[in-house]
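Working notes, structure below.
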Amino acid sequence: MDAAMIWEWVIKSVVIILVMTGGFAYVTWYERRVLARMQVRIGPNRVGWQGLLQPVADGIKLIFKEELIPAGADKLIFVLAPVITVIPALIVTAVIPWGYTVELFGRSVSLQLADINVGVLYILSVTSISIYGITLAGWSSNNKYAMLGGLRATAQMISYELALGMSFVGPILWAGSMSMNTIVEAQKGLWFVFIMPVSFVIFVIASLAEVNRSPFDMPEAEQELTAGYHAEYSSMKFALFFMAEYIKMIAVSMIGASLFLGGYQGPFIDVLPGLGPVYLFIKVALWLFFMIWVRATLPRFRYDRLMAFGWKVLVPLSLFSIVITAVLRLLVTGG
C-alpha cells in the first residue's frame, strides 16, 4: 500500500464528511423552503440571499446556547449518545459509488471510498448502530418521557429494519452481488425500480420509519412525549441529534437511488462520465423532496397501528416480493 493510496482515502473521507455535514445544513433550508411553499408561507429568506445563510445562523445560535445536563442523568452516556447516533450516519455512505473511475493527477481515482464485496451488509450493519444512541439518550436522561421515546425508537427501528433488510434482497438477487458498485452497474439498461416496484415501495416506507421521519416520527412525538428521547438535550448535543436525522435522510436517499434508481447512471453517461455525480445529486434531491412532501401531507400513525403495519403488512409483503423477484430472475436467466 503506497502513500498515494492512503492520501486518496484520506481526501475522499474528508470530502464525504464535508459533503454530508454541509448537506445536512442545507437540507434543513431546503425542507423549510419546500414546506413553506406547500403551506403557502414564505420560509427563511432574510439571512443571506433567499435565506441561504440561515443554516449558518442556526448553527451559531446553537453553539452559544447553554449546555445543560440533568442532575440525575448518567453523564458519560448522556454525552456519548449523540456521538453514537451521528457517526454511523456519516460513515454509512463509504460504500456508495458517485460515478465512474476518473483520471486525476496521472492516476485512476474511483469515485467511491470503498468498493467492498459485502457493501449491502456494511450498510445494514452500520445503520443498525444508530439505534443505540437514541435508546441510550432516552435512558441516560433520567426522564420518563425521554425513556418512552427511546423505547419507541427501539421497537420501531427493529420492526422496520427487518422489512428494510428484505427490500435489499431483490437488487442483490438481480445483480448477483452485494457490492453497491456492481448493483449500480447492473442497472445500466433498466433501473431496478421497474423490475421490482414492490421492493422499492417497501424500501421507501421502511426507510422513512428508520430515520424517524413523518408519518413515523413517533419517538419524538411532542404532543405525547414533549419531544421524546432528546427532551433533555440542548445546545450542540441537541444539534448532533438534529444533524444525525438529516444526514441519515441524505444517506437513505443515496442508498435508495443506488439500489433502485440506477445511482450515477443516466443519459450520455458513457460519453460524459463526469455526469455521474450530477445524476446522483439530482436523484438524491428528488428523493429528499419526496420525504419533505410526505411530512407536509400525512399525519402521524397511531403507535399500535404503526407497529402492526410493520409486522403484519411490510414483512409478509417483503417475503412475497423476494419470491416473485427470484422467480422472475430464473425465468429471465433460464437457470
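The values are calculated or read from the model by the stated rules, or taken from the named source; none is laboratory data. Note that the coordinates shown come from a computational prediction; the quantities given were computed from them, not determined experimentally. Backbone-built Cβ (ideal geometry, glycine too); neighbour counts: all protein chains shown.
Here 280, 288 are screened, and the one residue that is surrounded by 21 or more Cβ atoms within 10 Å (Cβ to Cβ), farther than 20 Å from residue 150 by Cα and modelled with pLDDT of 85 or more is 280. All of 139, 29 fail the test of being in a helix (DSSP H, G or I), touching a Pro at 6+ places or on another chain (Cβ under 7 Å), among the aromatic types (Phe, Trp, Tyr) and at pLDDT 85 or above, apart from 29.
Only one residue in 122, 132 is without any contact (Cβ under 8 Å) to a residue 60 or more places away in the chain, closer than 25 Å to residue 2 by Cβ and in contact with a helix residue (DSSP H, G or I) (Cβ under 6 Å, 6 or more places away or on another chain). Which one?
Going through 122, 132 in turn, the sole match is 122.
Apart from one condition, residue 237 fits all of (1) surrounded by fewer than 20 Cβ atoms within 10 Å (Cβ to Cβ); (2) in contact (Cβ under 8 Å) with a residue 40 or more places away in the chain; (3) part of a helix (DSSP H, G or I); the exception is (1). Tell me, please, whether a residue that is surrounded by fewer than 17 Cβ atoms within 10 Å (Cβ to Cβ), touching a Pro at 6+ places or on another chain (Cβ under 6 Å) and within 26 Å of residue 246 (Cα to Cα) can be found in the range 300-320. Taking every residue of the range 300-320 in turn, at least one turns out to be surrounded by fewer than 17 Cβ atoms within 10 Å (Cβ to Cβ), touching a Pro at 6+ places or on another chain (Cβ under 6 Å) and within 26 Å of residue 246 (Cα to Cα).
Among the small types (Gly, Ala, Ser) and in a helix (DSSP H, G or I): does that describe residue 71? No. Against the test of being within 28 Å of residue 285 (Cα to Cα) and not in a loop (DSSP other than H, G, I, E, B), the options 59, 43 yield a single qualifying residue, 59.
Sort out which residues of the range 193-203 are in contact with a helix residue (DSSP H, G or I) (Cβ under 7 Å, 6 or more places away or on another chain), assigned to a helix (DSSP H, G or I) and among the aliphatic types (A, V, I, L, M), and write them in order of number. Scanning the range 193-203 gives 193, 195, 198, 202.
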